Every structure is written in structure tokens, then in C-alpha cells.
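Below: one structure, written as C-alpha cells.
The values are calculated or read from the model by the stated rules, or taken from the named source; none is laboratory data. Bear in mind that the values here come from a model prediction, so they are computed numbers and not experimental data. Counting neighbours? That spans all protein chains shown, and the Cβs are built from the backbone with ideal geometry, glycine included.
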Amino acid sequence: MDDWPMPSPPEAKPLVSDAPLESNQHKRRWSGSVPSRRSSYYADQRHERRSRPNSGASQRDPFRGRDANAPPVPLLRHISSAEDPYALGPVKGGPDADDFSNRAVDDVVPTALPLFDHSISRQSGVADLEPKPSDTSLSQPAYTARKPEEYLPKQDHQGPPPQSRWWTELCTVSHLIFFAIWGTLARLGMQWITFYPGTPIVTPVIWANMAGSFVLGFLAEDKHLFSSYWIAPGTTEKTTTERWSNDSTDFDKLAKAETGKIKKTIPLYVGIATGFCGSFTSFSSFARDMFGALANNLPTPTNHVYDSTTRVTNASSASRNAGYSFNALFAVIISTLALSLGGVIVGAHTAQLLEPWTPRISTRIIRQFVDFAIVAVAWLCWLGAILLAIFPPDRPSGPSSRGDRSNETWRGTVLFAIVFAPLGCLLRHYASVRLNPLVHSFPLGTFAVNMFGTAIEGMLYDFQQVGLGSAGLVGGGLVGCQVLQGMQDGFCGCLTTVSTWVAESNGLRKRHGYVYALSSIVGALCLVIVIMGSVRWTVGWQYAVCDRGYPDKYVT
């Protein structure tokens, strides 16, 4: 059989023959599916019990290994579409195109085999059958080799052209200074209006922490205010009404992460999110309240006063059982976590709710007006705060004099706080930028500044209530006490943050989020117990000679 000569290609002939079929192998009915036609054809080949060819070349030869009595199989490359009656439709006058029940095997064998060009060289291996790189179907890489980012919809507009690095850095620093001052003022004002006789919650900083977390949650979820940085001005983004469903696809999370990276390069967004929200909330004040609850030293206004001239003091407290101290400690922790984390979630839901009505801020307005204005105003505000701290309006010779220097309250209440506030905010920002990328499952930068700020807060709180210097004045005197209070409210309050802490805990994976949140709470509690407790339970605290973060109240 190996000496079977290579026959010349047969002449084209009609595939449907009127001659009767003589072989038994042609009497079986034919199925209309292509796989069944193939299997039937090769089953007929195996029925003759032919031996396997000896070489690979003989396997590729369509005329070797065939029975000598079998009719020759026409080559498909010699049959044009005009000669093939089934290429364009059923045979004229023949059966319907879908009726395969009356067709013989030989009539449809050519259409059962794939179109294979036998002109390919026998020496060429299977690699020659692979698609060439010039094939248009390979213009895109295979889906297994593509990154998830490549599946995101491509925008024709890639955002405004980047600005110079030094100008962007100057704008970012200016925004942080400006919004740190306003965040500190907002936190102090929130403490003043929420600390009153009969208040249900005696730690007023908790409301500032909740409000700052709400604003940060809104900014993180919002996709319209700064969308001009990644969407063309004339286009609109798809509304996300369906985002109210419980399920969120991976592509939605990926798109949110990509837009979050772009937001962090916008000075105005950094100023509001890091400057204002981070300064509006204070982790060090939260840690101080944890120790105050544990040591029975929380400043609590009197609810029932029988003498109208009685002054409500901050340091006096009634004795209680030690077990109640643990109740108070967990009450402060749970209430702060619940309200702050709830603020982030509700802020995100509010951004989704207001998405159809949220305006888009033009990059032209931000870059040509807002950035220039903030750069000029921020440094002037900081300089003005320094000058007012040196020459307070309520000094004896000032326009708001109260007669005696001991009655000065501006510096201890506000001025020193906004003088030190930008320093803490800038340190927190650059620590987060440098340290957070080191460990993706644990924001090391935020954790470090919260622990460092808590330690500084504890030391300043001790210095404010013990005798200092050769004279042994409590807190170093009135001015010294005011400076210490300004560093607590300004530097430590802006160095530490609750809004970023709860937002990061909520954004991490469940296990990583719990580890991060518990590590921060346990670490801060250990620091204040060691630093503040060592003084409170040995030397003891004295009354501060200046106003503190919780102002005194007179009941009239």
C-alpha cells in the first residue's frame, strides 16, 4: 500500500448521484450535525480494518492508508462554490436544505471535512498552522495575558495636562494649611456647642469625629465634583442608581480605586479630605477621653444645680466602683467607633443619593482661580494667627481688653491652636504619603501619627496639671498653660485623625480592618495608661490655670 501512486486530482462532478448505492456501508442514514458526519466518515474508514501508516508523512497524505477498492475522495480545493450544490443552498429540484435523511454518505463527505489546504508542505509541522502575528484577530492580546485595568472603558479624554511638580506641591501645602485652620476651628466650635449641662454624651469631641467622618465618606464616594480630571468636559458619566443594590462588581471597585488615585493628586481634594476632615477629627482627644473614662476624670457638667451661682467645674468627680470605670471605657470606645464608622457609611450613601444633582467643578476654575487664591490666603491666615497670638485682642491694652491679663482667653482657646494646627496636618500628610504604601494591609503612616500624637497629647496633658519650673507654677503659669492647650488642640488634634482611621478600617479586608482598628485602640490605650496614668496615680493632677478643651459653663 505504501507504493500507492499519487493520483491526479479528479474532475469535478456532481456530489449527488442518481446511481443506486451498492455497498452496505452506504445504506446508513445520515445525521445533520457536523460532528456526527465526521464520526460517521471515520467510522467507515475504521470499518475496513486498515493498519496505521508507518510514518507521520503518511498520516498527512490523504491518499495513503485507503482501501484499494474505495472510490477516490475529491479534493475540496478543486471544488468551487459554484460547483458545490450545497455551498449556497439546496440542490435545485432536490431535497430541502434541512432534510438530511435521504443523503448518502459519499454525497456529503466533502462537506463534512474541514477546509484543509493540502498544498501545505509535508515538511512543515503543526506550527505552520498557527495564526501568524499579522493576523488581524491578534491585534488585541489574549484575555489571559491582559490586566484587569485593560477591561475598564477607555476615555477619549485623559484629564487636563499635568502641572509642574513644584507648583502642585505648593498648592497642596497651601490647601493643607488653609483647611487645617478651618478644621481646627470647626472641631473647637463643635466641642463648645455640644458640652452643656444635661448633655447625654459627655465627650463632645465624638460629634466632631462623626461629622468629619461623614464629610470624608461623601468625598471618597463622590464621582462628580472632581470628575473633570478624568472625563471630557462635554461627556457625562453613567449614573449609578443600580449601585444601591447589595452586589458590587470587581470592575466597579477597580474603577473606584482608579478614580481615588486621581483624586489624591488634586490639591483641592487633598486639602478638604486630609486638611479639613483630618483636622476636624482628633484621635488623640479620643484616646484622652478613653483614659478619662477609665480613671474617672471625664469632665462632666452638672445636671442639677441648686445654687444659681454654682460654677460647673471640669475636674471634680464623685468616687465610684472600679467596675464602672470599665463600663465607661467601653462606652467611649463603642460610641466613638459606631458614630464615626456610621458617619463614613452615611456620607457615602449621601453621595450616591445626591449624585444626579452633584455639580462638576471645572478644572479651569480650580487651577486658575481656586489654587491661586488659596496659595495667597493660606499663608496670610497662618501669619495672621501668629501675629494675633503675639498681640491678642483681649490683652489689657487691646481693643477687646477684659481689664486684667488673667482674663485673656483668645490665645488659650483659639489662637495657639490654629498656630500649631498646620504643623500637625503637614506632618500627618507626608507621613501617610511615605509610610502607607509600605504595607497595603496595614496603613502604617496613619497608625504611626495616631500613636505619636497620642503620646504627645498625654505628656502635654500631664505638664498642664503639675508644677513646672523653679517656681513650681502649675502648667508653667497662664501663658504656659495656654501654649500647652494650643498644642493639644492644634498640633496633636491635627496630627491625629479619626476620619481617615475609620475610612481605612472600612476599606480594608475584614480581617485586616479588625486588626488595624484593634491595634490602634489597644496601642493608644496602653500609651495613655503608661504616660498619663503614671502621673495621675503617683504625683496626682492639680487644677489647670487656663481654659481647657472642655470649657467651663456657668448656670444662670
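Things to note:
- Whenever a residue of region 456-472 is closer than 13 Å to Met487 by Cα, its partners that are among the hydroxyl-bearing types (Ser, Thr, Tyr), lying with C-beta atoms within less than 8 angstrom and at least six residues away or across chains, give the pairs Ile456/Ser284; Glu457/Ser284; Glu457/Ser285; Glu457/Thr496.
- Cβ pairs under 7 Å, 6+ apart, first in region 485-514 and within 12 Å of Ala421 (Cα to Cα), second of a type in the set (Ser, Thr, Tyr) and in a loop (DSSP other than H, G, I, E, B): Gly493/Ser282; Thr496/Ser282
- Residue count for region 488-526 under the criterion of being assigned to a helix (DSSP H, G or I), crowded, with 24+ Cβ neighbours inside 10 Å and of a type in the set (A, V, I, L, M): the result is 4.
- Residue within region 533-549 that is modelled with pLDDT of 95 or more and loosely packed, with under 12 Cβ neighbours inside 10 Å present: no
- Among the conditions (1) touching a residue at least 40 places away in the same chain (Cβ under 8 Å); (2) in a helix (DSSP H, G or I), the only one that Ala448 does not satisfy is (1).
- Candidate set: region 175-234, residues that are of a type in the set (Gly, Ala, Ser) and free of Cβ contacts under 8 Å to residues at least 40 places away in the same chain; chosen: the one nearest to Ala503 (Cα to Cα): Gly189
- Scan of region 336-345 for residues that are over 16 Å from the mean Cα position of the chain (by Cα) and surrounded by 16 or more Cβ atoms within 10 Å (Cβ to Cβ), ordered by number: Thr336, Leu337, Leu339, Ser340, Gly343
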